[in-house]
Amino acid sequence: MPSIVNMIELIQKLESPFITVHHERCILVRNRNADCLRCAEACTSGCISFDGENLSFSPDKCIGCGTCANVCPTCCLEAHHPSDEQLLSECLRSSEATGGNAVIACGELLDRAKGLYDTGKVARVECLGRVDESTLTALAAAKVERITLAHGACESCPHSTGRNVIENVLETEKNLLEAWSSPVETVLAAKLPGMVRCEKSGFDTLKRNAFRNAGKDAMRIGATALDHAITRRPSEAEQIRDAQEAHYSKVMEDGTLPHFIPDRRDRLLDSLFEIGKPEDTMVDTRLWGHVTIDADICDSCRMCAVFCPTGALGKFDDEDGFGIEHHPSDCVQCRCCATICPTGALSLSEKVFARDIAEGTSERYPMRPPAIKRGKPHSIWHIAKTLMTIGEVYER
């Protein structure tokens, strides 16, 4: 894997009007020994690829589908074609125009059906792999009756990897809506529903749509220009400076790297809260994880908390002892903790209790203070730090 500085330089190549890159969130930037390559596995165009040894980026191949942003657990990549807010707005407009059925369709299908459907009744994405659980759950919270995801000929589409992504999203969404007792029906269809066809009476619908599309194209061009001005690609000097700053970034007072919760996760939790309270059952999703730590083989290094991007794993040193506190609702299933654990004491399950997600509950794993390793580099520093930690715990 590339060094941290090289990884930052590589990933910043993706910066464009289609994608905003938050390099400090990338798992490989936070820990170069991590094994997260989800963006490369899901990329529909070959823009991001991994040949088994080298990770490479080809920005000229990007079609702006946003699938990479969908699978990124930390939202290091943020899609703008459309943005999450724009996509939700278009879906709500579709639901209103069709009487309760939000229709989302991929670009390949809509290009083949050009002139046959009412653009005001369909939300367009380049690939259905762009659609995530936060959008679908927000539609459920808005009391949409049905969500139709229409796809083209996936088997022959050059962007077919997006099909696997949307199927995983729908499986997670199904489990969430069942746990939260939402009646919304979500279906994956191979064609557009009849309710979105162009009207045949009154004003010439095809001409109306042509005028509407021309206006939208003008707005899209203007928005793209504005986005490009706002999210312009950093200069080479700026990239080197940012890479150096990230490489030498300071840790927080508790010795961990900075934490953040993706906005998309907050929106998803807010929508679930609007729907109501979940049943007391476990849900199997691609989004959350439940961590367990085997105290018998753990060496109490707490490196899992140091590198956890969201703070789902945090340190505690108080009157109750010394160890790790776990918040399943903040876990994004990046698996950085399991990868970095030197003894294999930590494991992560994709099954989490729904109420733990809704209520933000936590659990603690008490540990023994780490053993002092003598005759090693920095032994004196480690001894002093360990004694200070033990002393602070007992003083409390």
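For the range 142-168, give me each residue that is small (Gly, Ala, Ser) and either surrounded by 18 or more Cβ atoms within 10 Å (Cβ to Cβ) or part of a strand (DSSP E or B) (or both).
Step one: of the range 142-168, the residues small (Gly, Ala, Ser) are 142, 150, 152-153, 156, 160, 162.
Hits for the range 142-168 are ALA150, GLY152, GLY162.
Listed residues SER89, SER83; which is surrounded by fewer than 19 Cβ atoms within 10 Å (Cβ to Cβ), among the small types (Gly, Ala, Ser) and touching a Pro at 6+ places or on another chain (Cβ under 9 Å)?
Exactly one residue qualifies, and that residue is SER89.
Quick check on LEU88: is it outside any loop (DSSP other than H, G, I, E, B) and within 18 Å of GLY66 (Cα to Cα)?
Numbers: outside any loop (DSSP other than H, G, I, E, B): yes; within 18 Å of GLY66 (Cα to Cα): yes.
Here the answer is yes, as LEU88 does meet what is asked.
Could you name every one of the helices (runs of 4 or more DSSP H) located completely within the range 8-71 that has at least 1 residues being more than 24 Å from PRO158 (Cα to Cα)?
Because the criterion is at least 1 residues that are more than 24 Å from PRO158 (Cα to Cα), the helices (runs of 4 or more DSSP H) in the range 8-71 that meet it are 27-30.
Is there any pair linking a residue in the range 27-41 that is under 18 Å from GLU53 (Cβ atoms) to one that is open to solvent by less than 30 Å² (accessible area, probe 1.4 Å) and at pLDDT below 85, with Cβ under 7 Å and at least six apart or on different chains, and which?
Every condition considered, the pairs that remain are LEU28/MET7; LEU28/ALA34; ARG32/MET7.
If I ask for residues that are not polar (S, T, N, Q) and not in a loop (DSSP other than H, G, I, E, B), which ones from the range 112-128 would you list?
Passing the criteria: ARG112, TYR117, GLY120, LYS121, ALA123, ARG124, VAL125, LEU128.
For the range 97-111, how many residues meet the condition of being open to solvent by 10 Å² or more (accessible area, probe 1.4 Å), part of a helix (DSSP H, G or I) and in contact with a helix residue (DSSP H, G or I) (Cβ under 9 Å, 6 or more places away or on another chain)?
Residues in the range 97-111 being open to solvent by 10 Å² or more (accessible area, probe 1.4 Å), part of a helix (DSSP H, G or I) and in contact with a helix residue (DSSP H, G or I) (Cβ under 9 Å, 6 or more places away or on another chain): 3 in total.
The values are calculated or read from the model by the stated rules, or taken from the named source; none is laboratory data. Since the structure is predicted, the reported quantities are computational estimates derived from the model, not experimental observations. No Cβ is skipped: glycine too gets one built from the backbone with ideal geometry, and neighbour counts run over all protein chains shown. Ligands, DNA and RNA are stripped out before the accessible areas are found, and what is left, the full protein with its side chains, is counted by its heavy atoms. Shrake-Rupley method; radii C 1.70, N 1.55, O 1.52, S 1.80 Å.
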